[in-house]
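Structure, as structure tokens:
Bear in mind that the values in this text are calculations on the coordinates, not laboratory data. These numbers come from a predicted model, not from an experiment. Note that each Cβ is placed from the backbone with ideal geometry, even for glycine, and that neighbours are counted across all protein chains shown.
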Amino acid sequence: MQITGTFLDEITHDIPSQNWGAADWRRDFDAMKAVGIDTVILIRAGYRQQATFNSRVLAEKVGILPAYIDLVDLFLSEAERCGMQFFFGTYDSGRYWHSGQYQQETDINKAFCEEFMERYGHRKAFAGWYISHEINTYNEGMMQVYEDLSCHLRGLKNVPILISPYIKGVKQFGEEALSLERHIQKWESVFARLQGIVDIVAFQDGNVAFEDLPHYLEANRKLAHKYEIRCWSNVESFDRDTPIKFPPIDFRKLRYKLEQGHWAEIDKLVTFEFSHFMSPNSIYPAAHNLYNRYREWLQK
């Protein structure tokens, strides 16, 4: 089982920009296609005051910095050239939903996604929505955001809706981490609310110990399928086990996670994210080596 999708991360808060232009992105889409990637997911179209295009809605509602390159148009064009599907990631205020102002977060996104549809909704590659707000357990306010926003998105264009939550695991939360049993209990409640609301869930796989990952993958797949939600795995291609935040992952760890996804019968493997951590064009030399090791493994 191989990686067939990747997030595109150019509006971020914890990973450095690669300062790429159109020609750089063209080379990277070619590299993605060469290893079988057929789906690209914009991690978020805006974050706080940054945006991937000069949005009238975001300028009016939150105030944004200039977007000198229209990355949404660029990504759609490259996806169309390479025969890929494009998922549009929503806006993350980094503010309202964290402070309990859930309706404010939803309302901004409704208007923002309407603007996206006016500008890009006709594009051939546009194949799905990605709600960029990440949760790790049941959150009543976020259930309301998912329900309200998903209904609005389906009215704009009825294509699959994806979320990518993270596990409240030991690597990030230590003693506050949820046990597997508590994780299952909490996500039973989440999926009961999201059935018919969200089509795909792609849990981030990096927050749990490697020896526990198979159990979480199996539990996530069983739970998601019980509620008729497709279960992908977001295979993190960066390493959480080093003191540096964040280098490309050791290939042996990546291979292990891919193999466990296969044995757990996960529907699709995507990664966060190819361009920084797996690409032959990355600013990280170790990513070039990871790409070579990965291609060698695919060819065996």
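The figures follow:
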quantity	calculated
Residues (outside any loop (DSSP other than H, G, I, E, B), surrounded by 15 or more Cβ atoms within 10 Å (Cβ to Cβ) and either in contact with a strand residue (DSSP E or B) (Cβ under 9 Å, 6 or more places away or on another chain) or not aliphatic (A, V, I, L, M) (or both)) located in the stretch 155-174	L156, I161, L162, I163, Y166, Q172
So F88, is it among the hydrophobic types (A, V, I, L, M, F, W, C) and part of a helix (DSSP H, G or I)	no
Hits in the stretch 199-216 (condition: more than 17 Å from the chain's Cα centre (by Cα) and either under 14 Å from H262 (Cα atoms) or of a type in the set (F, W, Y) (or both))	F210, L213, P214, H215, Y216
Answer residue from the stretch 1-46, given it is within 14 Å of the chain's Cα centre (by Cα) and among the polar types (S, T, N, Q) and is surrounded by the fewest Cβ atoms within 10 Å (Cβ to Cβ) among those	T12
Among the residues listed as A192, A202, A224, A177, the single one being in contact (Cβ under 8 Å) with a residue 40 or more places away in the chain and either loosely packed, with under 15 Cβ neighbours inside 10 Å or touching a Lys or Arg at 6+ places or on another chain (Cβ under 9 Å) (or both)	A202
Residues of the stretch 95-132 satisfying the condition of being surrounded by 16 or more Cβ atoms within 10 Å (Cβ to Cβ), assigned to a loop (DSSP other than H, G, I, E, B) and not β-branched (V, I, T)	Y96, R123, A125, S132
Condition check for V235: in contact with an Asp or Glu (Cβ under 8 Å, 6 or more places away or on another chain), aliphatic (A, V, I, L, M) and either without any contact (Cβ under 8 Å) to a residue 60 or more places away in the chain or under 25 Å from H215 (Cβ atoms) (or both)	yes
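Residues are listed down the side, and each one gets a yes or a no for (1) closer than 30 Å to P243 by Cβ; (2) in contact (Cβ under 8 Å) with a residue 60 or more places away in the chain; (3) out of contact with any Ser or Thr (no Cβ under 7 Å at 6 or more places or on another chain):
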{"residue": "H133", "(1), (2), (3)": "yes, no, yes"}
{"residue": "E140", "(1), (2), (3)": "no, no, yes"}
{"residue": "Q144", "(1), (2), (3)": "no, no, yes"}
{"residue": "D148", "(1), (2), (3)": "no, no, no"}
{"residue": "G155", "(1), (2), (3)": "no, no, yes"}
{"residue": "N158", "(1), (2), (3)": "no, no, yes"}
{"residue": "I161", "(1), (2), (3)": "no, no, no"}
{"residue": "K168", "(1), (2), (3)": "yes, no, no"}
